[in-house]
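Notes to accompany the following structure.
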Amino acid sequence: MQQFDKIEALREQVAAWRAAGERIAFVPTMGNLHAGHFALVELARRHAQRVVTSVFVNPTQFGPNEDFSRYPRTPEADARGLVVAGCDLLFLPTVEQMYPFGAGHCVQVRVPGLTAELDGAARPGHFDGVATVVLRLFNMVEPDVAVFGRKDFQQLRVIQYMVRELSLPITILPAAIQREADGLALSSRNQYLSAEERAIAPQIHRTLLAMRSAWQQGQPLSAIEQDAVAHLDEAGFDVDYAQLRRSQDLATPQQGERDGLVALIAARLGRTRLIDNLEFDA
Ligand code: PAF
């Protein structure tokens, strides 16, 4: 696996692959890679001859009181895991490469509508930072396909909106959520959990399952959402949201709607913010 931190070297290699008729798949990450990320790389492999993965902890998507400085950085382990997963090129841009005039002076991308609620409301500016860095990475890598995990469901929809809206010639491949045996969705943030918090954390997935069955039984939306929040509060979470939405556009569904739904939860356990979701047809 090749490793580059300069855009020019990345572009030269990608151009050579393209000249040889090879398709390029791209997996953007913030590092501290786990089985969930390696599953993204494996999906990428199935859709292209070459896989590029980026590791960049993007300052513009973290709020002032969020975990940017303590976000785990594990470059050697990431590189070892990517070799095993079959990645061809690891791109590790510096902040200076990504934001030549400084992160505070960058040209920003803002996806309207979708980004105003759920995680967008709980983390103002977060999706502007995500869209801004992903568009830059797309411009640098110029992939044919790019893989995004379904765990960050709203992020996936934001990226799909941006790609369509800006007519980017990139196919977005959504990848299934990877879970521990007890249902906890894999996340780099799980390692922040104490043993006690780790034992409580799977309640998020259980609550999502309960929201799905309550909707399938025809219970009212507001009652389902209130019950979910009450259950999570009781278990020790500080809940940002527990909501049912249409999966396509994240709009609120009409009572009785059956297809294309998603239950989404964001909640804190101590200092750790966890998100998860469950897509379903009723
Ligand atoms: O999902 C992530 O890890 C990040 O939001 C992404 C897409 C790599 C952008 O920094």
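The values are calculated or read from the model by the stated rules, or taken from the named source; none is laboratory data. Everything numeric in this text was worked out from a predicted model, so none of it was measured. Here Cβ is always computed from backbone atoms with ideal geometry, including for glycine, and neighbour counts include all displayed protein chains.
Within the range 70-96, the set of residues being within 16 Å of the ligand (Cβ to nearest atom), in contact with a Gly (Cβ under 9 Å, 6 or more places away or on another chain) and not hydrophobic (A, V, I, L, M, F, W, C) comprises Tyr71, Pro72, Arg73, Thr74, Pro75, Asp78. When Gly260, Gly236 are checked against the criterion of being at pLDDT 95 or above and more than 30 Å from Arg164 (Cβ to Cβ), a single residue qualifies: Gly236.
Here Val130 meets the list (1) within 13 Å of the ligand (Cβ to nearest atom); (2) at pLDDT below 95 almost entirely, failing just condition (2). Entry remark, the range 70-95: residues being aliphatic (A, V, I, L, M), without any contact (Cβ under 8 Å) to a residue 60 or more places away in the chain, surrounded by fewer than 18 Cβ atoms within 10 Å (Cβ to Cβ) and under 22 Å from Phe38 (Cα atoms) number 2 in total. In the range 205-221, the residues that are surrounded by 14 or more Cβ atoms within 10 Å (Cβ to Cβ) reach residues that are aromatic (Phe, Trp, Tyr) with C-beta atoms within less than 7 angstrom, at least six apart or across chains, in these pairs: Arg212/Phe280.
Going by what's in this entry, would Val158 be described as within 13 Å of the ligand (Cβ to nearest atom) and under 20 Å from Val14 (Cα atoms)? Answer is no for this residue.
Does the range 17-34 hold any residues that are of a type outside the set (Lys, Arg), outside any helix (DSSP H, G or I) and away from the ligand (no atom under 16 Å from the Cβ), and which are they? Answer for the range 17-34, where residues must be of a type outside the set (Lys, Arg), outside any helix (DSSP H, G or I) and away from the ligand (no atom under 16 Å from the Cβ): Ala20, Gly21, Glu22, Ile24. Residues considered: Val14, Val41. Of these, the only one that is touching a residue at least 24 places away in the same chain (Cβ under 8 Å) and either in contact with a Cys (Cβ under 6 Å, 6 or more places away or on another chain) or not in a helix (DSSP H, G or I) (or both) is Val41.
Yes/no per residue for (1) buried (at least 17 other Cβ atoms within 10 Å of the Cβ); (2) over 27 Å from the mean Cα position of the chain (by Cα); (3) farther than 15 Å from Asp152 by Cβ:
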residue	(1), (2), (3)
Met1	no, no, yes
Lys6	no, no, yes
Ala9	no, no, yes
Gln13	yes, no, yes
Trp17	yes, yes, yes
Ala20	no, yes, yes
Ala25	yes, no, yes
Met30	yes, no, no
Ala35	no, no, yes
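The set of residues in the range 229-246 being closer than 29 Å to Tyr71 by Cα and touching a strand residue (DSSP E or B) at 6+ places or on another chain (Cβ under 8 Å) consists of Val229, Leu232, Asp233, Gly236, Phe237, Asp238, Val239, Asp240, Tyr241, Ala242, Gln243. Evaluating Phe153 against the criteria (1) buried (at least 19 other Cβ atoms within 10 Å of the Cβ); (2) over 28 Å from Ile204 (Cα atoms) leaves one unmet condition, (2).
Tell me, yes or no, whether the range 103-116 has at least one residue that is more than 19 Å from the chain's Cα centre (by Cα) and within 13 Å of the ligand (Cβ to nearest atom). Within the range 103-116 (the criterion being more than 19 Å from the chain's Cα centre (by Cα) and within 13 Å of the ligand (Cβ to nearest atom)), the answer is yes, since at least one residue qualifies.
Restricting attention to the range 52-69, the residues that are buried (at least 17 other Cβ atoms within 10 Å of the Cβ), free of Cβ contacts under 8 Å to residues at least 40 places away in the same chain and more than 9 Å from the ligand (Cβ to nearest atom) add up to 1.
Residues that are surrounded by 18 or more Cβ atoms within 10 Å (Cβ to Cβ), within 18 Å of the chain's Cα centre (by Cα) and outside any strand (DSSP E or B) within the range 229-282 comprise Ser247, Leu250, listed in sequence order.
Listed conditions (1) modelled with pLDDT under 95; (2) of a type in the set (Gly, Ala, Ser); (3) surrounded by 18 or more Cβ atoms within 10 Å (Cβ to Cβ) are all met by Ser187, apart from (1).
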